[in-house]
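Presented below is the structure to which this report refers.
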Amino acid sequence: MIFLDVDGPLIPFRHRPGVTVTAPPPDPSGHPLIHRLDPADGRRLLALGGVLMWATTWMETANELVAPRIGLPPLPVVPFPDDDLPGDGLHWKTRPLTAWAAGRPFVWLDDELTDIDRRWAADHHPGPALLHRVDPFTGLTEDDFTRVKHWLRGAGPPF
């Protein structure tokens, strides 16, 4: 499984490096940064070969607004409880995603991951897991995809 966050990894907070910046036309979605999606990300994510799943507060809106713009089919959405606020430095998604994985191998691409989340997953998830932090200012890069590909092929470290 490959859990995907939207804001930061797919919609970076700055313009992607090497992209000429022009004023974007208004988008019917109303999202001010949706023009920063890279249509190639969908193809590159599908090429990883894992089961892609949304792990984002966008929930089903990710299938409506993000997936078609980057060439992804509708993806399953991980439901999050309304009350899971750990308060101990652990990201609020860490426990639900680990539970959803249920011991199966997973990759989690998010811009808010820390070593606290990695340690918690290592201690509480019996299967392999790659919790990979994506720089929210650049979004997914070729280096990120390379790291995930190597890990999926067993060449990378578990964290």
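The values are calculated or read from the model by the stated rules, or taken from the named source; none is laboratory data. Please read all numbers here as calculations on a predicted model, not as lab measurements. Note that we place each Cβ from the backbone using ideal geometry, even for glycine, and neighbour counts take in every protein chain shown. To get the accessible areas, we keep the full protein, side chains included, count just its heavy atoms, and leave off ligands, DNA and RNA. Shrake-Rupley method; radii C 1.70, N 1.55, O 1.52, S 1.80 Å.
For the range 51-77, which residues satisfy the criterion of being open to solvent by less than 30 Å² (accessible area, probe 1.4 Å) and either over 20 Å from residue 36 (Cβ atoms) or not in a loop (DSSP other than H, G, I, E, B) (or both)?
Once the filter is applied, which keeps residues that are open to solvent by less than 30 Å² (accessible area, probe 1.4 Å) and either over 20 Å from residue 36 (Cβ atoms) or not in a loop (DSSP other than H, G, I, E, B) (or both), the range 51-77 yields 52, 53, 54, 62, 63, 66, 67, 70.
Among the candidates 131, 46, 113, which residue alone is free of Cβ contacts under 8 Å to residues at least 60 places away in the same chain, outside any loop (DSSP other than H, G, I, E, B) and open to solvent by less than 70 Å² (accessible area, probe 1.4 Å)? Spell out how you get there, then give the answer.
On the way: 46 fails: open to solvent by less than 70 Å² (accessible area, probe 1.4 Å); 113 fails: outside any loop (DSSP other than H, G, I, E, B).
Step by step, each of 131, 46, 113 is checked, and only 131 is free of Cβ contacts under 8 Å to residues at least 60 places away in the same chain, outside any loop (DSSP other than H, G, I, E, B) and open to solvent by less than 70 Å² (accessible area, probe 1.4 Å).
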